[in-house]
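Chemist: Before I ask anything, let me first share the structure, which is written out below as structure tokens.
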Amino acid sequence: MNLFDVYPLNNIAITKASGSRVWDDKGQEYLDLYGGHAVISIGHTHPHWVKRIEEQLEQIAFYSNSVIIPLQTELAEKLGKVSGKEDYQLFLCNSGAEANENALKLASFHNGRKKIVAFNKAFHGRTSLAVAVTDNKNYVAPVNENDNVTFLPFNDEAALEAHFALYGNEISSVIIEGIQGVGGINVATESFLQKIRSLCDQYGALYIGDSVQCGYGRSGKFFSHDYAGVNADIYSMAKGIGNGFPLAAIIVAPHIKPKHFQLGTTFGGNHVACAAALAVLEVIEKEQLINNANEIGEYLAAELKKISEIENVRGRGLMIGFDVPDAIKDLKKNLLWKHKIFTGEAKPNVIRLLPSLALTKADADVFLEAVKKEIVALKA
Ligand SMILES: Cc1ncc(COP(=O)(O)O)c(C=O)c1O
């Protein structure tokens, strides 16, 4: 049997990892500023995370959501504390798409409405409703097309107001990434998020803060939406929540009341996943990783802004993007193959940095030096 060939692959097999470093099957070391697509929050194979998972495996790995799983309650308490959303309710699932699927569905259950507002360049996942609110024709199969979804321009308050004036009483939810990831690191302005909040309040729609990529401390605050000083009604999260152990969640504001069987999952919130997620939060707290994301992120962005050949450095915390002009278009490729540094990308010409929140200044400097050196080589 062959693999179903849907991923364009780098010809590298990663077999070992630690902190911000990974190694291939030939022993070659790489610096990881991609974090396996923003997933590695506390660093690869963090010893506390490994120990917590190992110990849990020896107790029990899985039992279904038909019994009490005390680790889920422990996780809800810890997540409430670390995120500052202590009065929210936690529902655990398995992937970012599933989290958004549940968020959109729950909003519709709550207000009985069907229309959804999403934004240009949004990415919310690959499953049916999550992909219907994703602005990329290549990912949307005919069966996923959904007339209830309207895409509006990102950060355009006037367009949002005009849309609400026409359809406000039919809108179930507005879904937005606080910082668009796949779309190319586009930061939602604080006043745009505040406008979403006030229009949702005025018309009885729900604000869904997709925090799958920009959440979990990556932006330098727990949720990037926090910069605007507003609360979403539902936050979705995944990626960094398990540091690579598959797990996702939504947290739901207290005014939204649960009903039995509205949402459900077989694997979501299993014992090992909860142990992994608890380990992540314990390390985030103990090692003050949100502060580190802020500090190292500010340093990286400031230093990148000094490099005149790259353009439009943007982002928050350790979620940084910049444009690579045509003259140095091989920068990403050469960083990987010549300098052994993984970075992320967004089509057509954006380099995305999504490293572990524990990235050190020394590692940031290794990256900055490589970028400068490579730009000189590319221009020669
Ligand atoms: C903002 C955002 N939402 C949702 C998703 C989907 O998450 P998953 O791939 O875990 O389904 C992603 C994945 O990249 C994402 O970046």
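The values are calculated or read from the model by the stated rules, or taken from the named source; none is laboratory data. As the structure is a computational prediction, the values presented were derived from the model and not from experiment. Counting neighbours? That spans all protein chains shown, and the Cβs are built from the backbone with ideal geometry, glycine included.
Chemist: Within region 329-362, can you find the residues that are outside any loop (DSSP other than H, G, I, E, B), within 20 Å of Ala302 (Cβ to Cβ) and in contact with an Asp or Glu (Cβ under 7 Å, 6 or more places away or on another chain)?
Modeler: Within region 329-362, Leu331, Leu335, Val350, Ile351, Arg352 qualify.
Chemist: Also, I was wondering about something else. From the list Ala122, Ala76, Ala118, Ala130, which residue is of a type outside the set (Asp, Glu) and touching a Gly at 6+ places or on another chain (Cβ under 7 Å)?
Modeler: Among Ala122, Ala76, Ala118, Ala130, only Ala122 is of a type outside the set (Asp, Glu) and touching a Gly at 6+ places or on another chain (Cβ under 7 Å).
Chemist: May I pose another question? Would you check which residues across region 45-73 are in contact (Cβ under 8 Å) with a residue 60 or more places away in the chain and either among the aliphatic types (A, V, I, L, M) or in a strand (DSSP E or B) (or both) and list them?
Modeler: Passing the criteria: Ile53, Leu57, Ile60, Ala61, Ile69, Leu71.
Chemist: Within the set of pairs 6+ apart or on separate chains, which have a first residue in region 121-144 that is closer than 11 Å to Asn100 by Cα, a second that is of a type in the set (Lys, Arg) and away from the ligand (no atom under 14 Å from the Cβ), and C-beta atoms under 8 Å apart?
Modeler: Leu129/Lys105
Chemist: If you take the residues of region 207-217 that are within 8 Å of the chain's Cα centre (by Cα) and of a type outside the set (Ser, Thr, Tyr), which of them is farthest from the ligand (Cβ to nearest atom)?
Modeler: Applying the filter and picking the extreme gives Gly215.
Chemist: Would you be able to say whether some residue in region 109-132 is assigned to a helix (DSSP H, G or I), β-branched (Val, Ile, Thr) and away from the ligand (no atom under 16 Å from the Cβ)?
Modeler: no
Chemist: Follow-up. Quick check on this structure: which one of Gly96, Gly84, Gly80 is closer than 29 Å to Ile176 by Cβ, surrounded by 15 or more Cβ atoms within 10 Å (Cβ to Cβ), touching a Phe, Trp or Tyr at 6+ places or on another chain (Cβ under 8 Å) and not hydroxyl-bearing (Ser, Thr, Tyr)?
Modeler: Gly80
Chemist: A further question follows. Would you please list the contacts, defined by Cβ atoms under 6 Å and residues six or more apart or on different chains, that run from a residue in region 93-108 that is at positive phi and β-branched (Val, Ile, Thr) to a residue that is within 12 Å of the ligand (Cβ to nearest atom) and outside any helix (DSSP H, G or I)?
Modeler: Close Cβ pairs (under 6 Å, with a partner that is within 12 Å of the ligand (Cβ to nearest atom) and outside any helix (DSSP H, G or I)) do not exist here.
Chemist: Consider region 227-238. How many of its residues are assigned to a helix (DSSP H, G or I) and within 16 Å of the ligand (Cβ to nearest atom)?
Modeler: Within region 227-238, the subset assigned to a helix (DSSP H, G or I) is 227-228.
Subset that is within 16 Å of the ligand (Cβ to nearest atom): none.
Result for region 227-238: 0.
Chemist: Would you confirm whether or not region 167-181 contains a residue that is within 16 Å of the ligand (Cβ to nearest atom), over 19 Å from Val230 (Cα atoms), without any contact (Cβ under 8 Å) to a residue 24 or more places away in the chain and not aliphatic (A, V, I, L, M)?
Modeler: Looking through region 167-181, none of the residues is within 16 Å of the ligand (Cβ to nearest atom), over 19 Å from Val230 (Cα atoms), without any contact (Cβ under 8 Å) to a residue 24 or more places away in the chain and not aliphatic (A, V, I, L, M).
Chemist: Right, something else. Give the residue, chosen from Leu331, Leu263, Leu281, that is surrounded by 18 or more Cβ atoms within 10 Å (Cβ to Cβ) and assigned by TED's automatic domain parsing to the domain that holds Gly220.
Modeler: None of the others qualify; the one that does is Leu263.
Chemist: Restricting to region 289-318, and then to whatever is part of a strand (DSSP E or B) and touching a Gly at 6+ places or on another chain (Cβ under 7 Å), can you tell me which residue is farthest from Gln213 (Cα to Cα)?
Modeler: Checked region 289-318; the qualifying residue farthest from Gln213 (Cα to Cα) is Arg314.
Chemist: Same structure, new question: With the condition kept exactly as written, say whether any residue in region 26-44 is free of Cβ contacts under 8 Å to residues at least 40 places away in the same chain and not assigned by TED's automatic domain parsing to the domain that holds Pro246.
Modeler: Yes: region 26-44 contains one or more residues that are free of Cβ contacts under 8 Å to residues at least 40 places away in the same chain and not assigned by TED's automatic domain parsing to the domain that holds Pro246.
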